[in-house]
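First comes the structure, then the notes that go with it.
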Amino acid sequence: MSVMMKPLFSYAGGKSRYLKHLGRYFVKTNTYVEPFVGAGSAFCYMNYYSLASKFVINDINHHFMKLYADIKSNHEDVLREALAISNEYRSIDEREVPYFISDQRDLYNANPTSGRCLFFANRAFGAILGVDQQGRLEGAFGYHLDRRSKGKIISVKDVEEWAKALQNTEILSGPYAKVRVPGNSIVFCDPPYRGVTVNYKTKFDDADYTALFNWCSELANDPTISVIMTNYSDGLFFEGLCRDDGRVLVEYYDSCFTNGPKKLRGKEILMVWNSLGPTQRQGKLTVTRDSASTHRPLESKAE
Ligand SMILES: C[S@@+](CC[C@H](N)C(=O)[O-])C[C@H]1O[C@@H](n2cnc3c(N)ncnc32)[C@H](O)[C@@H]1O
């Protein structure tokens, strides 16, 4: 079996590790819409299994959306620049690595080219990559920067796979609520984690989570749209919204995420409207089974 298409950089909140849970709700559809795409682990999954004929991706981080747009239109140029910086990087002394990487961020912000964006994001190793008040690409260093691995840096194969996948993809950059969702879609919403203090520098408070939940709920009034939303669960907040909605299928899985220098363990909540799953994938084989016994919507609050 071929290797799964991969994100081009490691990203705080990336969902690669959780695809075994999420992927059970990803089935064949016309359009796959991801309004908070980040590094795109679920987008990779949908592409790898050829589960949609069209894709729409969006993120408020315009740097990454520009990177994807440039890879779509001319991945050779992006690769050429990223590989040239990688060669320079390989020749520096180990002690210089953190300075070299943060210099790349500053050089990129002074002259934002996508090859440098790719190199910087790829080397920042899970640093919280966000956008600062001035719109510059921000990467908070300290805990994550990998000082050891100077081996394989940019994977030509990964970039080429992205270039291919993006040909069929509409690339947007803005707030999620501006994304238009057609019928016969799967929408996957992975907003920033609620309650996590170090974030992408975007504001997302409880009013925003409620507004997003309502946006998902409204989309689901169209029975041909399946909506999946995930987040950190404190056992109360999202559960209350789901109870009031009354149509949401809820599942939990264990998660581990980074909050500043700390690793936190917790429960992740998966909320699904108009569920099309769960399915189990082995290689390219998709088996659908009845979900009724193990999964059910949270009941509405008793009046
Ligand atoms: C948890 S991350 C998504 C990670 C992604 N699923 C992955 O696997 O890489 C959340 C993303 O939401 C984006 N974001 C934050 N506020 C947003 C908004 N109002 N509209 C669209 N995107 C937003 C952030 O820039 C970040 O990339």
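The values are calculated or read from the model by the stated rules, or taken from the named source; none is laboratory data. The shown structure was predicted, so the numbers you read here are calculated from the model rather than taken from an experiment. With ideal geometry, Cβ positions are generated from the backbone for all residues, glycine too; neighbour counts draw on all protein chains shown.
I'd like to know if region 226-236 contains one or more residues that are near the ligand (Cβ under 9 Å from one of its atoms), touching a residue at least 40 places away in the same chain (Cβ under 8 Å) and under 30 Å from GLU138 (Cα atoms). Scanning region 226-236, I find at least one residue that is near the ligand (Cβ under 9 Å from one of its atoms), touching a residue at least 40 places away in the same chain (Cβ under 8 Å) and under 30 Å from GLU138 (Cα atoms), so the answer is yes.
When you scan region 192-202, do you find a residue that is within 14 Å of the ligand (Cβ to nearest atom), at pLDDT 95 or above, surrounded by 18 or more Cβ atoms within 10 Å (Cβ to Cβ) and not hydrophobic (A, V, I, L, M, F, W, C), even just one? The answer is no; no qualifying residue exists. Taking the criterion of being outside any loop (DSSP other than H, G, I, E, B) and of a type in the set (A, V, I, L, M, F, W, C), the residues of region 31-64 that qualify are VAL33, ALA42, PHE43, CYS44, MET46, ALA52, PHE55, VAL56, ILE57, PHE64. Working only within region 65-121, note down all residues that are outside any helix (DSSP H, G or I), out of contact with any Phe, Trp or Tyr (no Cβ under 8 Å at 6 or more places or on another chain) and either loosely packed, with under 13 Cβ neighbours inside 10 Å or hydrophobic (A, V, I, L, M, F, W, C) (or both). Once the filter is applied, which keeps residues that are outside any helix (DSSP H, G or I), out of contact with any Phe, Trp or Tyr (no Cβ under 8 Å at 6 or more places or on another chain) and either loosely packed, with under 13 Cβ neighbours inside 10 Å or hydrophobic (A, V, I, L, M, F, W, C) (or both), region 65-121 yields SER91, ASP93, ASN111. Would you call TYR252 touching a residue at least 12 places away in the same chain (Cβ under 8 Å), in contact with a Leu (Cβ under 9 Å, 6 or more places away or on another chain) and over 14 Å from VAL272 (Cβ atoms)? Taking the combined requirement at face value, the residue does not satisfy it. If you go through region 131-143 one residue at a time, do you hit one that is out of contact with any Ser or Thr (no Cβ under 9 Å at 6 or more places or on another chain), loosely packed, with under 13 Cβ neighbours inside 10 Å, farther than 26 Å from TYR48 by Cβ and at pLDDT 90 or above? No, that holds for no residue.
When ARG180, ARG243 are checked against the criterion of being at negative phi and either within 12 Å of the ligand (Cβ to nearest atom) or surrounded by 14 or more Cβ atoms within 10 Å (Cβ to Cβ) (or both), ARG243 stands alone in meeting it. Checked across region 29-49, the condition of being within 7 Å of the ligand (Cβ to nearest atom), of a type in the set (S, T, N, Q) and surrounded by 19 or more Cβ atoms within 10 Å (Cβ to Cβ) holds for at least one residue. Residues that are over 23 Å from ASP132 (Cβ atoms), within 12 Å of the ligand (Cβ to nearest atom), assigned to a loop (DSSP other than H, G, I, E, B) and under 15 Å from the mean Cα position of the chain (by Cα) do occur in region 2-14, at least one of them.
For the criterion of being surrounded by fewer than 22 Cβ atoms within 10 Å (Cβ to Cβ), closer than 25 Å to TYR253 by Cβ and away from the ligand (no atom under 12 Å from the Cβ), TYR18 fails. Please go through region 209-238 and give me each residue that is surrounded by fewer than 17 Cβ atoms within 10 Å (Cβ to Cβ) and in a helix (DSSP H, G or I), ordered by number. If the condition is that a residue be surrounded by fewer than 17 Cβ atoms within 10 Å (Cβ to Cβ) and in a helix (DSSP H, G or I), then THR210, ALA211, ASN214, GLU218 are the ones that fit.
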